[in-house]
Amino acid sequence: MSTLREEALLATPQPAPATPKVRYLLHDGELVEYADARLHVLSTTLKYGVGVFEGFRAYWSEDEQQLYAFRVGDHMRRLVDSMRVVEIDGPQDVDVLTEQLLGLVRANGLRSNLHMRAQVFVDSSDGKPEDTGPSTVFMAAIPMGNYFGATGLDMQISSWARLSDRSMPPRIKSIANYQNGRLAMLEARRNGYDAALLMTESGHVAEGAGYNVFMVRKGRLCTPPTTDSILEGITRDSVLHLARTELGLDVDIRPIDRTELYSADEVFVCGSAAEVNHVKSVDRTPIGTGAVGELTARLQRLYLDAVVGRAASDQGWAQPVYA
C-alpha cells in the first residue's frame, strides 16, 4: 500500500533523469552502460575504503582533429605500484590497461578535453578489512573543463596535517587517503578560500588537497621532496622536466616552510585535474602582485603544449587516441 508521500510524488510531474555524459564505462575490460556500472554496498571497498585509482587527462586538438591522452602508461604503472603497496590482487599488465582505457574513449567517440579514471576495488562479498581480493576494475572517461572553475587561487593553510608515511602511504593514490584532503578542502571552503594546502606533522609544506605545490623565491623554483608526505605526482614530474629541459632551470627539491610561501614571488599548484594553476594568496597574504607570475605563465604554456605533443615531444607523453 502506497504512502501519502509516494502518492504525492506520483501525482507531481518529475524532472527527467539527467542524461549521462557518456554512454559506456568499462568493467573488467568489458563495456557496460553508464547506469549499470555498480559495486555492492557490502564490498570491502565500500565498507573500508580499500581501493586505489588513477586520474588522467586527454586533450582535444582542434587544429589536428586529434585527441591526445597524456602519460597514460605512467599513470597505469603508478596504479600497479599502488596495488602493490596496499596489497590488492589486481591486473598487472600496463599495456593491456592502457589499451583498455583508450578503447573506452574510442567506444564513446569522445572528441573533447577529458578526465579519465581507472579504479581498482576489492569486491569481496561482505568483505573484511584484510581482504586483498577479488578485485574489480572500473574505468571512465568524462568530458571536463577547468577543474577549479577559475584561474588564480586563494589558498588556506589547513589546520589538518598531511597524513604521514608512518600511518598511510601518501605517495600513492589510495581512495582512503583522500579523506585527508577532503577535510582540508571543506575547511577552506567554509572559510571563503578556493583551495587548501596541508603541512606535514613536522611543519613543512606538503601539498594541496589533490595537487602538488611549487614556489618561486629569490629567483629559484622550489618544490617539496617526495619524502615530505606528498603524492609522487606525474604532473609534478612533467613540470620538473619542462623546467629543466625547456627553460634550463635548476630546481630546488627541498623542505619548504610556511612563511616562505608568504614571501614567495610566485606559487602555483599542479595535478592531472588541476593542470598548472597560479596561487593569488596564501592565508590572505598576496603572492607577488596576485597576478600569474612570469615563470608560472611560461610553465603553464609549456605544459599545455606538452599535453598535445608540441613540447617535450621526444618523451612520448601525448598519445594519439584516434588513428
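The values are calculated or read from the model by the stated rules, or taken from the named source; none is laboratory data. Only a predicted model underlies this, so the values are computations on that prediction, with no experimental measurement involved. We place every Cβ from the backbone using ideal geometry, glycine too, and count neighbours over all the protein chains shown. In case anyone asks, the SASA skips ligands and DNA or RNA and just uses the protein heavy atoms, side chains included. Shrake-Rupley method; radii C 1.70, N 1.55, O 1.52, S 1.80 Å.
Observations on the model:
- A 1.4 Å probe, protein heavy atoms only, puts the accessible area of residue 64 near 90 Å².
- Unit charges on C-beta of K, R, D, E only; dipole of the chain, Debye: 660 debye
- Identified option (computed Cα Rg over 2.2 N^0.38 Å; candidates [x] 1.18; [y] 1.07; [z] 1.12): [y]
- Probing with 1.4 Å while keeping every protein chain in the model, the per residue accessible area of region 187-249 equals 37 Å².
- MRE, 222 nm, helices only [DSSP H, n ≥ 4, -39500 (n - 2.57), over the chain, to nearest 500]: -8000 deg cm²/dmol
- The residues of region 111-164 expose, per residue, 42 Å² of accessible area to a 1.4 Å probe.
- Separation between Cα centres of region 136-177 and region 249-323, rounded to whole Å: 16 Å
- Region 52-102 and region 183-245 have their alpha-carbon centroids 23 Å apart.
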